[in-house]
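The values are calculated or read from the model by the stated rules, or taken from the named source; none is laboratory data. Fair warning: this is a prediction, and the values are worked out from it, not measured in the lab. Here the Cβ positions follow ideal geometry from the backbone for every residue, glycine too, while neighbour counts run over all protein chains shown. For accessibility, only protein heavy atoms count, side chains too; no ligands or nucleic acids. Shrake-Rupley method; radii C 1.70, N 1.55, O 1.52, S 1.80 Å.
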Amino acid sequence: MAVFVALGAFLMTLAGGWTAQRVTDRRHLVLGLAGGLMLGVVGLDLLPEALGAAGEEIFGVPAALLLFVAGFLLAHMVERLLAGRQAAHGGGEHDGRTPEVGLTAAAAMVGHSAMDGVAIGAAFQVGGGMGAAVAVAVIAHDFADGFNTYTITTLYGNARRKAVAMLVADAAAPVAGAASTLLFTLPEHLLGGYLGFFGGALLYLAAAEILPEAHHEHAARSTLLCTFAGVAFIWLVVGIAE
């Protein structure tokens, strides 16, 4: 059942990526929406789940928050290191951005989608009701995952074929993750730590890259409205799932 439900996530991820491809003439709106979706996923979905699953404290701070900050800092460090390496070798950047950063970020999205599948499988191990609730949340926000995976990859100057390849990998990942739960049970605290870490990296990309680029290209009120709409959409998804 978990694998069958994960096929819905597969289709929704592809739908999100297809949508991102079709609106290239409104790139600033795409980026504004992507930033809002990413912010909503981090603040309203990933971080609350991480705090609930990995709530133990380390020196007075919840472990999930420490990993959240670590993910943010690691994303910043990786981008700076890759950009410095490319500059030292003379070029390879797209409008000041390094293509490898886009691929690394998309690969992280694929890893997150695989964990979405694991979450579906683990929830069905608890019970059918729990599995259905988690499946609704995952399938709905996988549209945002597909949208963001394609957008991030192309934003950093990667070719369309690479973006499509990462999109397909992102779509297949939940199915593989759900199937893997037939073989093992994931400890809750490890899942919570991962969600916190990934949330920090995703927030860095949204706040430091996606949103500034959206408003740099076209500082319109409609771009800001798209960002708010992205956050509101994730809020709706989380509310329905609860």
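For this structure, a couple of remarks:
- Screening MET130 with (1) at pLDDT 70 or above; (2) part of a helix (DSSP H, G or I); (3) over 13 Å from the mean Cα position of the chain (by Cα) gives one miss only, at (1).
- Set GLY230, GLY146, GLY193: member being closer than 17 Å to ALA105 by Cα and in a helix (DSSP H, G or I): GLY146
- Inspection of the range 8-22 identifies no residue that is assigned to a loop (DSSP other than H, G, I, E, B) and either open to solvent by less than 60 Å² (accessible area, probe 1.4 Å) or among the acidic types (Asp, Glu) (or both).
- Set THR153, THR181: member being buried (at least 22 other Cβ atoms within 10 Å of the Cβ), touching a residue at least 24 places away in the same chain (Cβ under 8 Å) and β-branched (Val, Ile, Thr): THR153
- Residue in the range 1-11 that is more than 13 Å from GLY146 (Cα to Cα) and either under 13 Å from the mean Cα position of the chain (by Cα) or free of Cβ contacts under 8 Å to residues at least 24 places away in the same chain (or both) present: yes
- Which listed residue is modelled with pLDDT of 85 or more, surrounded by 15 or more Cβ atoms within 10 Å (Cβ to Cβ) and of a type in the set (A, V, I, L, M), from ALA64, ALA53, ALA75: ALA64
- When residues of the range 27-50 are limited to those that are open to solvent by 70 Å² or more (accessible area, probe 1.4 Å) and within 19 Å of VAL138 (Cβ to Cβ), the one modelled with the highest pLDDT: LEU39
- Screening GLU209 on (1) modelled with pLDDT under 80; (2) open to solvent by 60 Å² or more (accessible area, probe 1.4 Å); (3) more than 16 Å from ALA114 (Cα to Cα); (4) in a helix (DSSP H, G or I) shows it passes everything except condition (2).
- Criterion (closer than 16 Å to LEU37 by Cα and out of contact with any Leu (no Cβ under 7 Å at 6 or more places or on another chain)) met by exactly one of LEU205, LEU182: LEU205
One line per residue, one yes/no per condition, for (1) part of a helix (DSSP H, G or I); (2) open to solvent by 10 Å² or more (accessible area, probe 1.4 Å); (3) more than 20 Å from GLY16 (Cβ to Cβ); (4) at pLDDT 85 or above:
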residue: VAL168; (1), (2), (3), (4): yes, yes, no, yes
residue: ALA171; (1), (2), (3), (4): yes, no, no, yes
residue: GLY177; (1), (2), (3), (4): yes, no, no, yes
residue: THR185; (1), (2), (3), (4): no, yes, yes, no
residue: HIS189; (1), (2), (3), (4): yes, yes, yes, no
residue: GLY200; (1), (2), (3), (4): yes, no, yes, yes
